[in-house]
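Taking it in order: structure first as structure tokens, then the write-up.
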Amino acid sequence: DTGVSQNPRHKITKRGQNVTFRCDPISEHNRLYWYRQTLGQGPEFLTYFQNEAQLEKSRLLSDRFSAERPKGSFSTLEIQRTEQGDSAMYLCASSLGADSTDTQYFGPGTRLTVL
Amino acid sequence: KNEVEQSPQNLTAQEGEFITINCSYSVGISALHWLQQHPGGGIVSLFMLSSGKKKHGRLIATINIQEKHSSLHITASHPRDSAVYICAPRGDGLTFGKGTHLIIQP
């Protein structure tokens with residue numbers, strides 16, 4: 001257990017539905033990252049926050065995806081109008097400071113299945 | 001084209017063998033992360049290094065920034081080392097390799 005928690009751990013939804021995932025980072029960590037991992041592939045970067053500011057978004061993050069970190073603590077990732085191609089493991093990670101060499105600590109992930 | 005290449009993609013070895021996993025990357029980086037992913041998806045950070053060499057228990061990681069290459073070594077391998085090992089060079093985010101699937105047989 002790294003101290004980063006994600007909820008839910010599993011989500012099954014029907015195509016077209018909206019889903020929201022939550023990530024609670026280690027409490028004093030300023031940076032929070034979202035990644036997506038499909039079967040047999042390495043994780044892919046989606047977006048990251050420095051406190052409440054969203055500093056970078058991958059081109060993988062289509063308009064159907066939105067992430068927030070309103071108080072600089074927990075973060076949510078919402079997918080609207082889900083598609084079968086959204087099925088993946090969604091991983092959250094946090095790190096302590098602004099230095100890009102900070103170690104990231106990963107949560108257990110939320111596995112999304114879109115039927 | 002993946003900017004990070006890991007080799008081998010799959011490795012099966014006998015308990016006790018010395019293991020080497022290689023990572024080459026094309027992106028400019030400030031540091032490189034080695035991660036371990038167990039069946040079921042949990043990811044654990046093994047090392048973050050920006051130069052030279054780091055050692056933790058039976059694990060050793062080296063990096064050559066000029067050659068854009070890093071290696072992860074496991075000495076006296078054990079079946080519990082069986083996992084996917086992922087190289088992730090740092091840029092503004094993280095670019096991940098596809099991972100090396102390691103199986104250590106008793």
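Values quoted throughout were computed directly from the atomic coordinates according to the rules given, and no laboratory measurement underlies them. The shown structure was predicted, so the numbers you read here are calculated from the model rather than taken from an experiment. Cβ atoms come from the backbone with ideal geometry, glycine included; neighbour counts cover every protein chain shown.
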Q: Only Cα pairs under 8 Å and at least 6 apart count here; give the relative contact order of the stretch A:1-85 as a rounded whole percent.
A: 31 percent
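Please grab the % of Cα pairs in the protein assembly as shown that end up more than 32 Å from each other.
Values: 4279 of 24310 pairs.
I get 18 percent for the Cα pairs in the protein assembly as shown exceeding 32 Å.
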**Q.** Dipole-positive endmost among B:Ile19, B:Ser71, B:Ile29 within chain B (Cβ charges, Cα centre)
**A.** B:Ile29
Q: Would you mind checking which residues have amide H under 5 Å from B:Thr95's amide H? H placed 1.01 Å from N; only 5 or more apart, or other chain.
A: none
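Mind putting a number on the dipole of the protein assembly as shown about its Cα centre? Charges go on the C-beta only, +1 for Lys and Arg and -1 for Asp and Glu, and I need it in Debye to the nearest 20. List each step's numbers first, then the result.
Values: 23 positive and 20 negative charges, 74 e Å.
Result for the protein assembly as shown is approximately 360 debye, rounded to the nearest 20.
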Q: Would you tell me the mean number of C-beta atoms belonging to other protein chains that fall within 10 Å of each C-beta in A:2-9, as a whole number?
A: 1
Q) In 5 Å bins starting at 0, how do the alpha-carbon pair distances of chain B split up by percent? A) 3, 14, 25, 26, 19, 9, 4, 1, 0
Q | Residue-by-residue Karplus 3J(HN,Hα) for the stretch A:26-37, coefficients 6.51, -1.76, 1.60, Hz, glycine and proline x | A | 4, 4, 8, 7, 8, 9, 9, 10, 10, 9, 10, 10
Q: Determine which lysines satisfy two conditions relative to B:Lys55: a Cα distance under 20 Å, and not lying fewer than 8 residues away in the same chain.
A: B:Lys68
Q.
Explain nothing, just compute: Karplus ³J(HN,Hα) = 6.51 cos²θ - 1.76 cosθ + 1.60, θ = phi - 60°, for every residue of the stretch B:67-77 in order, whole Hz, x for Gly and Pro.
A. 8, 6, 8, 9, 10, 10, 10, 10, 8, 6, 4
Q) Where Lys and Arg each count +1 and Asp and Glu each count -1, what net charge lies around A:Ile12 among other residues with Cβ under 15 Å from its Cβ? A) +3
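What's the long-distance tail for the stretch B:59-106, i.e. % of Cα pairs beyond 17 Å?
Numbers: 499 of 1128 pairs.
In whole percent, the long-distance tail amounts to 44.
With a cut-off of at most 10 other beta carbons within 10 Å, and DSSP calling the residue loop, which trypsin sites (Lys or Arg not before Pro) in the stretch A:1-32 qualify? Please list them. Could the numbers behind the result be given before it?
Details: sites: A:Arg9, A:Lys11, A:Lys14, A:Arg15, A:Arg22, A:Arg31; in loops: A:Arg9, A:Lys14, A:Arg15.
When the trypsin sites (Lys or Arg not before Pro) of the stretch A:1-32 are filtered for loop state and at most 10 Cβ neighbours within 10 Å, A:Lys14 remain.
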Q) Could you give the distance between the Cα centres of the stretch A:17-54 and the stretch B:1-77, to the whole Å? A) 23 Å
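Using the number of other C-beta atoms within 10 angstrom as an exposure proxy, rank B:His101, B:His56, A:His29 with the fewest first. Spell out each step's value before the answer.
Numbers: B:His101 16, B:His56 9, A:His29 20.
In order of increasing Cβ crowding within 10 Å: B:His56, B:His101, A:His29.
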**Q.** Fraction in percent of alpha-carbon pairs per bin - 5 Å, chain A
**A.** 2, 13, 24, 26, 19, 10, 4, 1, 0
Q: Quick one: what are the phi-derived ³J(HN,Hα) couplings along the stretch B:96-105, Karplus 6.51/-1.76/1.60 with θ = phi - 60°, whole Hz, x for glycine and proline?
A: 9, x, 6, x, 10, 7, 10, 10, 10, 8
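Please work out the Kirkwood hydrodynamic radius for the stretch A:1-42, using every pair of different C-alpha atoms, and report it in angstroms with one decimal place. Could you put the intermediate results ahead of the total?
Numbers: mean 1/r = 0.0786 Å⁻¹.
Taking every pair of different Cα atoms in the stretch A:1-42, averaging 1/r and inverting gives 12.7 Å.
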